[in-house]
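The block underneath contains the structure these notes are about, expressed in structure tokens.
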Amino acid sequence: AKENNILFHVNWVEGQKTGFFLDQRINRDLLKYYSKGKKVLNTFCYTGGFSIYAMSAGAELVTSVDISEKAVKLAAENMEINFPGSNHQAVVSDVFEFLKENKNLYDVIVLDPPAFAKNIKSKHTATQAYKRLNIAGLKTITKGGILFTFSCSQVIDDVLFYNTVAAAAIESGRKVRVLHKLSQGPDHSVNMFHPEGSYLKGLVLYIEE
């Protein structure tokens, strides 16, 4: 598959959902603006979409992390197709453990986890998981860093997600500014009478201190 002149191997048969998350296309492109000369960490990397866009913008280092060995292998292959021999690390690891062990290294971090809440019953547990993840990311990132953070859980609306990330910022002790509020691409349009269709929420944060 080809997206914005970047090539991807896509496993249509065994991959998650369609095998490639087209709803993040515009947000991947935005990441390029912040990646030149930076050390970029892409967590829950899956096929490496954010990683390869970061490298296309001239990132100094890109690290792709996922707990799935199959996903990490595919991310590495996709990077090699587009930028052979580039400074890319593909790591099989639990994201929380990786964040804990690699503090003050990355200037740009992408937190794009799978849906923590599959239904309304898991809403509270999911909110706590998003808070823990964002605390971990905020504690890891360098001063002056840029954090892209997302939720694709339908039952977590944009206000709850914003407040959860704000709570994480308070607990982490970092001074944070919001640069962008993000959503899915326009090809994933939302029926006005089904607001839950706006399932993808994202924030781009500047870590001032």
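The values are calculated or read from the model by the stated rules, or taken from the named source; none is laboratory data. Note that this is a predicted model, so its numbers are computed, not measured. In this analysis, Cβ positions are derived from the backbone assuming ideal geometry, glycine residues included, and neighbour counts consider all displayed protein chains. Remember, those area values only see protein heavy atoms, side chains included, never the ligands or the DNA or RNA. Shrake-Rupley method; radii C 1.70, N 1.55, O 1.52, S 1.80 Å.
If the condition is being of a type in the set (Phe, Trp, Tyr) and either open to solvent by less than 10 Å² (accessible area, probe 1.4 Å) or assigned to a loop (DSSP other than H, G, I, E, B) (or both), then the range 108-163 contributes 116, 130, 148, 150, 161.
Collect the residues in the range 172-209 that are among the acidic types (Asp, Glu) and under 14 Å from residue 27 (Cβ atoms), keeping them in residue-number order. The one that is among the acidic types (Asp, Glu) and under 14 Å from residue 27 (Cβ atoms): 187.
Does residue 73 fit the bill of being open to solvent by 70 Å² or more (accessible area, probe 1.4 Å), at pLDDT below 95 and assigned to a loop (DSSP other than H, G, I, E, B)? No: the conditions fail for residue 73.
Considering only residues in the range 20-39 that are assigned to a loop (DSSP other than H, G, I, E, B) and basic (Lys, Arg), the one that is least open to solvent (accessible area, probe 1.4 Å) turns out to be 38. I'd like to check something: does the range 81-94 contain any residue that is farther than 19 Å from residue 58 by Cα, open to solvent by less than 20 Å² (accessible area, probe 1.4 Å) and outside any loop (DSSP other than H, G, I, E, B)? So far as the range 81-94 goes, no, none of its residues is farther than 19 Å from residue 58 by Cα, open to solvent by less than 20 Å² (accessible area, probe 1.4 Å) and outside any loop (DSSP other than H, G, I, E, B).
Residues checked against (1) on the phi < 0 side of the Ramachandran plot; (2) touching a residue at least 60 places away in the same chain (Cβ under 8 Å); (3) among the acidic types (Asp, Glu):
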residue: 69; (1), (2), (3): yes, no, yes
residue: 83; (1), (2), (3): yes, no, no
residue: 88; (1), (2), (3): yes, no, no
residue: 110; (1), (2), (3): yes, yes, no
residue: 134; (1), (2), (3): yes, no, no
residue: 158; (1), (2), (3): yes, no, yes
residue: 167; (1), (2), (3): yes, no, no
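If the condition is being open to solvent by less than 80 Å² (accessible area, probe 1.4 Å) and closer than 24 Å to residue 143 by Cα, then the range 175-200 contributes 176, 178, 179, 180, 182. If you filter the range 40-68 down to residues that are at pLDDT 95 or above, assigned to a helix (DSSP H, G or I) and farther than 18 Å from residue 145 by Cα, you find that the one that is nearest to the chain's Cα centre (by Cα) is 52.
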